[in-house]
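Here's the structure, in structure tokens; my notes come after.
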Amino acid sequence: MPSDIVARLGAVRERIAAACRRAGRPEDAVELVAVGKGHPSGLLRAALQAGQRSLGENYAQELVAKAGALSGLGVRWHFVGGLQRNKVRKIVGLATVIQTVDDSALAVEIDRRAAALGAVQDILVQVNVAGEPQKSGVAPPDLGRLLDVIAGHGRLRCLGLMAIPPESENARPHFRALAALATAHGLRDLSMGMSQDFEVAIEEGATMVRVGSAIFGPRLGP
Ligand SMILES: *Cc1c(COP(=O)(O)O)cnc(C)c1O
């Protein structure tokens with residue numbers, strides 16, 4: 001229900017503000033990205049009407065459809081899903097930030113598409129911070145090399161790092177590790193923390209949190 005969204009969004013904003021205060025960080029230090037995968041545009045519209053500006057999506061097709069339905073509303077779209085090279089065309093220019101760049105071929109493809117549009121694309125590099133075998137993200141030892149490739153492509157602007165730590169573990173050490181990598185590479189932004197752990201992420205320096213179910217409720221779709 002749209003009215004539930006307003007209340008849940010308010011509660012999440014309160015918790016973000018409280019976590020910022022605990023961490024001695026300014027309350028506007030964290031961008032709340034409301035992840036709406038599997039939820040209809042109508043619910044996202046309710047969030048926008050409640051003052052939400054940043055929305056996240058995981059699937060290229062779904063982002064294109066929702067960006068069409070919600071055009072002209074000033075949404076900052078974040079692409080947070082696995083990105084196949086053949087979907088890059090749809091996403092570049094539409095997404096304000098592509099958070100899931102994890103290999104050089106993908107980076108080069110995004111650069112090429114941004115050049116064709118005369119644009120610069122803001123990106124984050126996704127890091128497989130726990131070294132999980134099946135998970136997306138660049139392995140920490142390969143991060144430097146990928147960042148070098150990105151730096152050599154003028155249509156890419158790397159803002160920082162993103163990670164999805166293993167669900168079953170205490171996320172704090174993984175958040176801390178990601179923050180250390182960002183510091184080591186002089187990167188500003190840290191996208192980390194989801195519904196179950198965004199406050200911990202803020203304490204560890206997150207500048208973007210990606211919150212889905214705490215705002216939109218349990219997912220209906222995939
Ligand atoms: C779905 C998703 C989220 C939001 O997850 P919740 O647990 O519902 O808050 C955040 N980040 C990514 C990459 C996701 O796929």
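Read-outs throughout are calculated quantities, based only on the coordinates presented, and are distinct from any laboratory measurement. If you're wondering where the values come from, they're calculated on a predicted model, not measured in any experiment. Cβ: placed from backbone, ideal geometry, glycine included. Neighbour counts: every protein chain shown.
Per-residue counts of other Cβ atoms within 10 Å, averaged by peptide: what ranking do you get for 4-13, 95-104, highest first?
Put in order of decreasing packing, that is 95-104, 4-13.
Between Pro173, Pro165, Pro133, where does the largest GNM mean-square fluctuation fall for the chain, given springs only between Cα atoms within less than 10 Å?
In the Gaussian network model the winner is Pro133.
What residues have an amide H closer than 5 Å to that of Gly56, excluding those fewer than 5 places away on the same chain, when H is modeled at 1.01 Å from N in the peptide plane?
Ala34, Val35, Gly36, His78
Using a cut-off of 24 Å between alpha-carbon atoms, which lysines can reach Lys135, once sequence neighbours fewer than 8 places away in the same chain are excluded?
Lys37, Lys87, Lys90
Limiting things to C-alpha atoms, what are the Rg and the maximum Cα-Cα separation (Dmax) for the chain, in angstroms?
Looking at the chain, its Cα Rg and Dmax stand at 16.6, 47 Å.
Under 5 Å between amide hydrogens, which residues at least 5 positions from Val125 or on another chain qualify, with H placed 1.01 Å from N in the peptide plane?
It is Gly160, Leu161, Met162, by chain and number.
Expressed in nm to one decimal, what extension gain is obtained for the pair Arg21 and Arg219 from 0.36 nm per residue of sequence separation less their Cα-Cα distance? Please list the in-between numbers first.
Values: separation 198, 0.36 × 198 = 71.28 nm, distance 3.03 nm.
Roughly 68.3 nm would be gained on extension.
Expressed as a whole number of Å, what is the distance separating the alpha-carbon centroids of the stretch 50-99 and the stretch 201-218?
Each part's Cα centre sits 17 Å from the other's.
Which is the longest run of the chain containing none of the GluC sites (Glu not before Pro) found in DSSP loop states (not H, G, I, E, B) with at most 13 other C-beta atoms within 10 Å?
With GluC sites (Glu not before Pro) excluded where exposed in loops, the chain gives 28-166 as its longest stretch.
If you take the Cα atoms of the stretch 6-135, find Rg, then find the Kirkwood Rh from the mean of 1/r over all pairs, what is Rg/Rh? Don't jump to the answer; show the numbers that get you there.
Working: Rg = 16.0 Å, Rh = 16.0 Å.
For the stretch 6-135, the value is 1.00.
For the stretch 24-77, which trypsin sites (Lys or Arg not before Pro) are in a loop by DSSP, counting at most 16 other Cβ atoms within 10 Å? Each step should come with its number before you reach the end.
Values: sites: Lys37, Arg45, Arg53, Lys66, Arg76; in loops: Lys37, Arg53.
Of the trypsin sites (Lys or Arg not before Pro), the ones in loops of the stretch 24-77 whose Cβ has at most 16 other Cβ atoms within 10 Å are Arg53.
Which of these, Leu187, Leu106, Leu73, has the largest mean-square fluctuation under a Gaussian network model of the chain (Cα springs below 10 Å)?
Of the options given, Leu73 has the highest mean-square fluctuation.
How large is ³J(HN,Hα), in whole Hz, for each residue of the stretch 100-107 in order, when computed from phi with the Karplus curve 6.51 cos²θ - 1.76 cosθ + 1.60 and θ = phi - 60°, using x for Gly and Pro?
In residue order, the calculated couplings are 10, 6, 9, 8, 6, 4, 5, 4 Hz.
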